[in-house]
1. Please go through (1) part of a loop (DSSP other than H, G, I, E, B); (2) touching a residue at least 40 places away in the same chain (Cβ under 8 Å); (3) surrounded by fewer than 21 Cβ atoms within 10 Å (Cβ to Cβ) for residue 90 and return the number of the only condition it doesn't satisfy.
2. In the range 95-114, which residues are over 30 Å from residue 256 (Cα atoms), of a type outside the set (S, T, N, Q) and surrounded by fewer than 23 Cβ atoms within 10 Å (Cβ to Cβ)?
3. Considering only residues of the range 229-245 that are at pLDDT 95 or above and either of a type in the set (D, E, K, R) or touching a Pro at 6+ places or on another chain (Cβ under 7 Å) (or both), which is most open to solvent (accessible area, probe 1.4 Å)?
4. Of 43, 31, which residue is within 22 Å of residue 197 (Cβ to Cβ), in a loop (DSSP other than H, G, I, E, B) and open to solvent by 70 Å² or more (accessible area, probe 1.4 Å)?
5. Scan the range 144-169 for residues that are part of a loop (DSSP other than H, G, I, E, B) and under 22 Å from the mean Cα position of the chain (by Cα) and jot them down.
6. Does any residue in the range 32-44 that is in contact (Cβ under 8 Å) with a residue 12 or more places away in the chain come within less than 7 Å, Cβ to Cβ, of a residue that is basic (Lys, Arg) and open to solvent by less than 10 Å² (accessible area, probe 1.4 Å) six or more places away or on a different chain, and which pairs are these?
7. Run down 249, 173 and say which single residue is within 30 Å of residue 144 (Cβ to Cβ), modelled with pLDDT of 95 or more, part of a loop (DSSP other than H, G, I, E, B) and open to solvent by 20 Å² or more (accessible area, probe 1.4 Å).
Amino acid sequence: MANFQTIVGKLKVTDIEVRKELRRRWHNPSRTSTPVFIVGCGRSGTSMLLKQLGKSWKVEYFNENHPEAFDNWRLKDLGSIDMLIRATSAPIVIFKPILNTSQANDFLSFYPSAKILFCFRHYDDVINSSIKKFGLENRIGHVRSWIFNDFAEFSFAPPPNETKSLISSRWRPSLSPESGAALYWLFYNRLYFDLGLSGDNRVRLVQYEKVVANPAEGFASVCEFLGMGLETSMLEGIFSSSVRRDNPPDIDPAIRMDCEALWQRLCTPVTL
């Protein structure tokens, strides 16, 4: 029975994809596609946003585990990405290279028509979610490596000195995993300002809490930015129950102040 259900499920998925492709070819005969990149800090609702938008026939998407677009969770070279974009008939092609967030300006330079969705979520929830998902050592391990190897992890697109200086100034070997995860949050979310993305009309800031609290309004805003209509299927299965569900993590006071200041800056003014 289980095997039969699996086969039926695969057939349904195949049927949906065939229908999507037929609509794409009918409505987009020129095969003109707008590349969209979802960036920001992990555990900020980026997968939710990608998959919900991907329910539309207008969208083809590549998550960070897709072997054609990503290698070890990092986006392949833009030449390879360009081949994927040229091969599709979808009006919108979305990639989720959150580990390549520091490369956001490269995306915009390579694709002048590209759009970026920069997702953010409250640091307490991101820290709690990260530790639950990846364990105690993952985030602080990344930060430790950044400090000791001069951010060599980002050799493909070195982060701005402002970002590196802040993280380095707050680092201590004795930091707790929670404080290390807070520095990870700081690093990725500061890039919105340090890369100058806040002044580019091709970039839209997306706050997780706003979207899950009012999905219809949140997705309508995102869809308008992307130049596509809202589809009701995008709103199915979205819940706000994860917002401030757990107690705030114990973070170094100075780092918490940095996080709070950045959080306020991201929220004022906030764009859905």
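1. (3)
2. Correct list: 106, 108, 110, 111, 112, 114.
3. Selected residue: 236.
4. Being within 22 Å of residue 197 (Cβ to Cβ), in a loop (DSSP other than H, G, I, E, B) and open to solvent by 70 Å² or more (accessible area, probe 1.4 Å) holds for just one of 43, 31, which is 43.
5. Once the filter is applied, which keeps residues that are part of a loop (DSSP other than H, G, I, E, B) and under 22 Å from the mean Cα position of the chain (by Cα), the range 144-169 yields 151, 155, 156, 157, 158, 159, 160.
6. Hits for this filter: 38/96.
7. 173
Okay, residues lined up against (1) among the aliphatic types (A, V, I, L, M); (2) over 18 Å from residue 95 (Cα atoms); (3) surrounded by fewer than 18 Cβ atoms within 10 Å (Cβ to Cβ):
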{"site": "152", "(1), (2), (3)": "yes, yes, yes"}
{"site": "161", "(1), (2), (3)": "no, yes, yes"}
{"site": "167", "(1), (2), (3)": "yes, yes, no"}
{"site": "197", "(1), (2), (3)": "yes, no, no"}
{"site": "203", "(1), (2), (3)": "yes, no, no"}
{"site": "206", "(1), (2), (3)": "yes, no, no"}
{"site": "211", "(1), (2), (3)": "yes, yes, no"}
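The values are calculated or read from the model by the stated rules, or taken from the named source; none is laboratory data. These figures come from a predicted structure and were not determined experimentally. In this analysis, Cβ positions are derived from the backbone assuming ideal geometry, glycine residues included, and neighbour counts consider all displayed protein chains. For accessibility, only protein heavy atoms count, side chains too; no ligands or nucleic acids. Shrake-Rupley method; radii C 1.70, N 1.55, O 1.52, S 1.80 Å.
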